[in-house]
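Chemist: Shown below is the structure under consideration.
The values are calculated or read from the model by the stated rules, or taken from the named source; none is laboratory data. Note that the structure is predicted; figures quoted are calculated from it, not measured. When we count neighbours, we look across all protein chains shown, and the Cβ atoms used for this are built from the backbone with ideal geometry, even at glycine. Surface accessibility is based on the protein's heavy atoms, side chains included, excluding ligands, DNA and RNA. Shrake-Rupley method; radii C 1.70, N 1.55, O 1.52, S 1.80 Å.
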Amino acid sequence: MTRPRFNRILLKLSGEVLMGSQQFGIDPAMCDRVAREIQAARSEGHEVCIVVGGGNIFRGVAGAAQGFERASADYMGMLATVMNALAMQNALEQIGVETRVQSAIPMASVCEPYIRRRAVRHMEKGRVVIFAAGTGSPFFTTDTTAALRAAEMGCEALFKGTSVDGVYDADPKKVPTATRYDTLGFGQVLADDLKVMDASAVALCRDNNIPIVVFNIRDEGNLAAVLAGDGTSTIVQNNA
């Protein structure tokens with residue numbers, strides 16, 4: 001059996017993806033579709049862990065801009081990610097995928113606390129681990145959480161599922177002639193401020209040699225296709 005190019009991956013999902021076509025909240029149908037994408041990846045032999053954002057419910061930076069004290073707003077955003085993590089757990093387990101949610105903010109009634117060795121063991125047993133509540137500290141984004149957890153779990157790549165099919169030299173929704181990159185170096189992403197992920201997340205992936213794969217999670221079957229070397233995506237890596 002051919003070893004997959006990336007055996008163990010971390011999938012970063014934005015909260016906005018879970019909204020589906022809604023303007024707010026969680027769309028169960030979208031959660032189910034994403035869950036089936038993950039199931040398909042696992043059936044091909046990939047180990048998957050997930051970090052999910054909370055922007056579909058509450059975003060700390062936006063809350064701070066509206067008058068909330070920043071640290072409190074960030075904690076509220078972390079709690080939103082726990083809701084999304086539980087929604088994804090429900091969707092995955094309804095289709096037979098064994099799942100664990102680990103929260104950086106302990107809440108024993110609903111999920112496990114984040115313990116790195118336990119999370120690694122879950123993955124070794126074939127479970128999908130969903131990391132919630134960010135890093136557990138304010139002022140850090142879920143992008144940074146994703147890079148941190150990918151390094152801690154020994155992931156071979158960080159897959160960022162978005163609503164566009166890669167990284168462009170301009171916003172493709174505003175500039176029809178924008179060009180998509182097939183590959184990029186971490187240095188160019190930082191120098192050109194390409195907004196792949198926040199700078200601390202990009203630097204953390206660079207320093208730990210973890211490629212970032214940006215793809216459109218909304219296209220059905222795209223996660224498995226990109227993992228197989230097909231599909232459309234942009235890979236950010238060292239020496240690109």
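Chemist: Using Cα positions and a limit of under 16 Å, work out the lysines in reach of LYS174, with same-chain residues fewer than 8 apart set aside.
Modeler: LYS195
Chemist: Okay, next question. Counting only C-alpha contacts under 8 Å and six or more residues apart, can you give the relative contact order of the chain as a whole percent?
Modeler: Normalised by residue count, the contact order of the chain is 22 percent.
Chemist: Ok, one more. Within the stretch 119-152, list the trypsin sites (Lys or Arg not before Pro) lying in a DSSP loop whose Cβ has at most 13 other Cβ atoms in a 10 Å radius.
Modeler: Numbers: sites: ARG121, LYS125, ARG127, ARG149; in loops: LYS125, ARG127.
Within the stretch 119-152, the qualifying trypsin sites (Lys or Arg not before Pro) (loop, at most 13 other Cβ atoms within 10 Å) are LYS125.
Chemist: Expressed as a fraction of 2.2 N^0.38 Å, the rule-of-thumb size for a compact globular protein of N residues, what is the C-alpha radius of gyration of the chain?
Modeler: Working it through for the chain, the quotient is 0.95.
Chemist: Still on this model: Taking the alpha-carbon distance from LYS125 and a cut-off under 28 Å, which lysines remain once sequence neighbours fewer than 8 residues away in the same chain are dropped?
Modeler: LYS12, LYS160
Chemist: Counting only helical runs of four or more DSSP H residues, what would the 222 nm mean residue ellipticity of the chain come to if each run contributes -39,500 (n - 2.57) and the total is spread over all its residues?
Modeler: Calculated from helices alone, the mean residue ellipticity at 222 nm is -11000 deg cm²/dmol.
Chemist: Oh, and also: Not counting ligands, DNA or RNA, and with a 1.4 Å probe, what is ASP169's accessible surface area in Å² rounded to the nearest 10?
Modeler: Taking all protein chains as shown, ASP169 has close to 80 Å².
Chemist: Find, among the trypsin sites (Lys or Arg not before Pro) in the stretch 1-87, those assigned to loop by DSSP (not H, G, I, E, B) with at most 16 other beta-carbon atoms within 10 angstrom.
Modeler: Qualifying residues, ordered by number: ARG5.
Chemist: Based on Cα coordinates alone, diagonalise the gyration tensor for the stretch 120-192, multiply each eigenvalue by 5, take square roots, and list the semi-axes in whole Å, largest first.
Modeler: Rounded to whole Å, the semi-axes are 29, 15, 13.
Chemist: Also, I was wondering about something else. Mind listing P(r) for the stretch 112-240? All alpha-carbon pairs, 5 Å bins, whole percents.
Modeler: 2, 10, 18, 21, 21, 15, 8, 3, 1, 0
Chemist: Here is a follow-up. How big is the Kirkwood radius of the stretch 166-240, worked out from every pair of different alpha carbons and given in Å to one decimal?
Modeler: Mean inverse Cα-Cα distance, inverted, gives 12.9 Å.
Chemist: Then there is this: Which of the DSSP-defined H helices in the chain satisfy a minimum axial length of 24 Å, computed from C-alpha atoms, and a minimum mean Kyte-Doolittle hydropathy of -1.0?
Modeler: On the way: long enough: 70-94 (36 Å, 0.21).
Helices passing the filter in the chain: 70-94.
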